[in-house]
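*Asks:* Structure in structure tokens, see below.
The values are calculated or read from the model by the stated rules, or taken from the named source; none is laboratory data. Just so we're clear, the structure is a prediction, and the values are computed from it rather than from any experiment. As a convention, Cβ positions derive from the backbone with ideal geometry for all residues, glycine included, and neighbour counts pool all protein chains shown. Note: areas computed on protein heavy atoms with side chains; ligands, DNA, RNA excluded. Shrake-Rupley method; radii C 1.70, N 1.55, O 1.52, S 1.80 Å.
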Amino acid sequence: MQELGRLDDLPLAYRESLEAQNLVPLWPSLRSVLPPGTPARRTQAVKWSYAALRPLLIQAGELTPIEKAERRVLVLSNPGHGLEKMQASAAIYLGMQLLLPGEWAPAHKHTPNAVRMIVEGEGAYTTVDGEKCPMHRGDLILTPTGLWHEHGHDGEDPVVWLDVLDLPLVYYTETSYATEGQEQAVTGTRLERNYARGGVVPSPVFTRGSARTYPMLRYPWADARSALLNLAEAQPDVEAVQVAYVNPESGNDCQNILGFSALMLRPGETLPLPARSPAMVFHVIEGGAEVCADDKTFSLAPADTCCTPGYVPVTLKNPSPSEPAFIFIADESPLHKKLGVYEVRA
Ligand code: 1HN
């Protein structure tokens, strides 16, 4: 590949004349913005241990009252992007949020999309667009762009969940902002039961159907888990025992920018994933997993989280000879597909 001219090949006076007119020569930077073959990536493969971060999160509960935090979160930040950027990958933000008994995280709405994966504790709920969503371990609750949401806790023990947002992308596009609001009137609960039987949805024929752009906001872990067990049993030679969290009325990804799925690794299973353009996040709901990517191997225990960059193969392994492992996955596939840059490499 032809080596291109550098900035300091140019006379100083010429460079100063360019700068005075807000002009920049392309050729010294061309190879770095368009590297040959594979993109440059800041995203590193990183693991966050729940056992190691939990005491610090509990300590945050002692140090900072909810009124002074609004959302009491420790951000899982990828050092490859710089910790202060609060990015797990180019498009993914991850945070562990703590809500203590009796606490209230007030209503707001914002342009970034969020989901919550409940990690521990009982008795908390989040109200999204008037729907009161109880939180139990492994449940996935959506907070899509523009919907009001607030969190409360009627239980006795700390509740922790993993927040996954597309904040880095929305912020980068200069479209990230929030609006504060009043406590919502609850208009429904457990509306996901409308979609609990596959192939049967509320009929739009005699009614106006669901007026909601996001008809399903809560994906109970009990349902996703039994779907995985059913899939493994009904189709024993299926390559990956994986279910996608989708909009049950359209069958499309449940949110616009990030994609979410749950994966079961059978006892002892090794699952090689081809190199694909999106970065991924793996969070263990039950059991244990080894994640190999980018010359690193992470051993994940329940509630541990790791991320992997795009364009590298990833190998997942369940080290247990007797128990299945259940993993929540978030990735940037919907974004890459919409942008037309999605790739799978053989
Ligand atoms: C947010 O609204 C929540 O509502 C959590 O719980 C984390 C991180 C960045 C921006 C908004 C929440 C967030 C957030």
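*Asks:* Assuming His108 fulfils every condition listed in (1) away from the ligand (no atom under 12 Å from the Cβ); (2) open to solvent by less than 30 Å² (accessible area, probe 1.4 Å) apart from one, which condition is it?
*Replies:* Every condition holds for His108 apart from (1).
*Asks:* Also, I was wondering about something else. Identify, by number, the condition in (1) part of a helix (DSSP H, G or I); (2) over 17 Å from His151 (Cβ atoms); (3) touching a residue at least 24 places away in the same chain (Cβ under 8 Å); (4) open to solvent by less than 50 Å² (accessible area, probe 1.4 Å) that Thr43 doesn't meet.
*Replies:* For Thr43, the exception is condition (1).
*Asks:* Separate question: Restricting attention to the range 143-184, report how many residues are of a type in the set (Phe, Trp, Tyr) and assigned to a loop (DSSP other than H, G, I, E, B). Full working, then the answer.
*Replies:* Restricting attention to the range 143-184, the residues satisfying the condition of being of a type in the set (Phe, Trp, Tyr) are 148, 161, 171-172, 177.
So of that shortlist, the ones also assigned to a loop (DSSP other than H, G, I, E, B) come out as 148, 177.
Counting residues in the range 143-184 that are of a type in the set (Phe, Trp, Tyr) and assigned to a loop (DSSP other than H, G, I, E, B) gives 2.
*Asks:* Only residues that are acidic (Asp, Glu) and away from the ligand (no atom under 13 Å from the Cβ): list them for the range 81-105, please.
*Replies:* Glu84 - this is the single residue of the range 81-105 that is acidic (Asp, Glu) and away from the ligand (no atom under 13 Å from the Cβ).
*Asks:* Restricting the first residue to the range 63-80 and requiring it to be within 15 Å of Trp161 (Cβ to Cβ), which pairs with a second residue that is within 11 Å of the ligand (Cβ to nearest atom) and part of a loop (DSSP other than H, G, I, E, B) meet a Cβ separation below 8 Å and a spacing of at least six or different chains?
*Replies:* Ile66/Arg72; Val75/Met86
*Asks:* Just checking, how many residues over the range 276-328 are part of a strand (DSSP E or B), among the β-branched types (Val, Ile, Thr) and open to solvent by 10 Å² or more (accessible area, probe 1.4 Å)?
*Replies:* Quick first cut of the range 276-328, residues part of a strand (DSSP E or B) only: 276, 280-286, 289-293, 296-300, 305-308, 314-317, 325-328.
Now restrict to residues that are among the β-branched types (Val, Ile, Thr): 281, 284-285, 291, 297, 305, 308, 314-315, 327.
Okay, now just the ones that are also open to solvent by 10 Å² or more (accessible area, probe 1.4 Å), so 297, 315.
Adding up the residues that qualify gives 2.
*Asks:* Of everything in the range 64-84 that's among the small types (Gly, Ala, Ser) and in a loop (DSSP other than H, G, I, E, B), which residue is farthest from Pro168 (Cα to Cα)?
*Replies:* Ala69
*Asks:* Right, next: Using the structure shown, decide if Thr189 is over 18 Å from the mean Cα position of the chain (by Cα), at pLDDT below 95, more than 24 Å from Ile118 (Cβ to Cβ) and surrounded by fewer than 19 Cβ atoms within 10 Å (Cβ to Cβ).
*Replies:* So Thr189 does not fit the description; no.
*Asks:* Follow-up. Just checking, does the range 235-249 include any residue being surrounded by fewer than 18 Cβ atoms within 10 Å (Cβ to Cβ) and in a helix (DSSP H, G or I)?
*Replies:* No, there is no match, as no residue in the range 235-249 is surrounded by fewer than 18 Cβ atoms within 10 Å (Cβ to Cβ) and in a helix (DSSP H, G or I).
*Asks:* Of (1) touching a helix residue (DSSP H, G or I) at 6+ places or on another chain (Cβ under 9 Å); (2) open to solvent by 50 Å² or more (accessible area, probe 1.4 Å); (3) within 10 Å of the ligand (Cβ to nearest atom), Tyr171 satisfies all except one. Which?
*Replies:* If we test Tyr171 against (1) touching a helix residue (DSSP H, G or I) at 6+ places or on another chain (Cβ under 9 Å); (2) open to solvent by 50 Å² or more (accessible area, probe 1.4 Å); (3) within 10 Å of the ligand (Cβ to nearest atom), just (1) comes out false.
*Asks:* Out of the residues in the range 39-80 meeting the condition of being more than 21 Å from Pro302 (Cβ to Cβ) and of a type in the set (D, E, K, R), tell me which one is farthest from the ligand (Cβ to nearest atom).
*Replies:* Arg41
*Asks:* Among the residues of the range 107-142 satisfying the criterion of being without any contact (Cβ under 8 Å) to a residue 40 or more places away in the chain and not in a loop (DSSP other than H, G, I, E, B), which is farthest from Thr213 (Cα to Cα)?
*Replies:* Here the answer is Ala124.
*Asks:* Considering only the range 197-206, I want to know if a residue exists there that is open to solvent by 80 Å² or more (accessible area, probe 1.4 Å), β-branched (Val, Ile, Thr) and not in a helix (DSSP H, G or I).
*Replies:* There is at least one residue in the range 197-206 that is open to solvent by 80 Å² or more (accessible area, probe 1.4 Å), β-branched (Val, Ile, Thr) and not in a helix (DSSP H, G or I).
*Asks:* Right, something else. Given the structure, is Arg225 more than 15 Å from the ligand (Cβ to nearest atom) and open to solvent by 80 Å² or more (accessible area, probe 1.4 Å)?
*Replies:* The answer is no for Arg225.
*Asks:* Provide a single number: the residues in the range 85-105 that are polar (S, T, N, Q) and either surrounded by fewer than 19 Cβ atoms within 10 Å (Cβ to Cβ) or not in a strand (DSSP E or B) (or both).
*Replies:* The number of residues fulfilling the criteria is 2.
*Asks:* Condition first: open to solvent by 10 Å² or more (accessible area, probe 1.4 Å), of a type outside the set (Gly, Ala, Ser) and near the ligand (Cβ under 10 Å from one of its atoms). Can you find one or more residues in the range 118-132 that meet it?
*Replies:* No, that holds for no residue.
*Asks:* Out of Pro158, Pro204, Pro215, report the one residue that is within 16 Å of the ligand (Cβ to nearest atom) and over 19 Å from the mean Cα position of the chain (by Cα).
*Replies:* Testing whether each residue is within 16 Å of the ligand (Cβ to nearest atom) and over 19 Å from the mean Cα position of the chain (by Cα) leaves just Pro158.
*Asks:* OK, next. Please determine whether any residue of the range 138-147 is charged (D, E, K, R), open to solvent by 10 Å² or more (accessible area, probe 1.4 Å) and away from the ligand (no atom under 13 Å from the Cβ).
*Replies:* no
*Asks:* Let me ask something else. Among the listed residues Gly198, Gly251, identify the single one that is on the phi > 0 side of the Ramachandran plot and free of Cβ contacts under 8 Å to residues at least 12 places away in the same chain.
*Replies:* Just a single option satisfies the conditions, and that option is Gly251.
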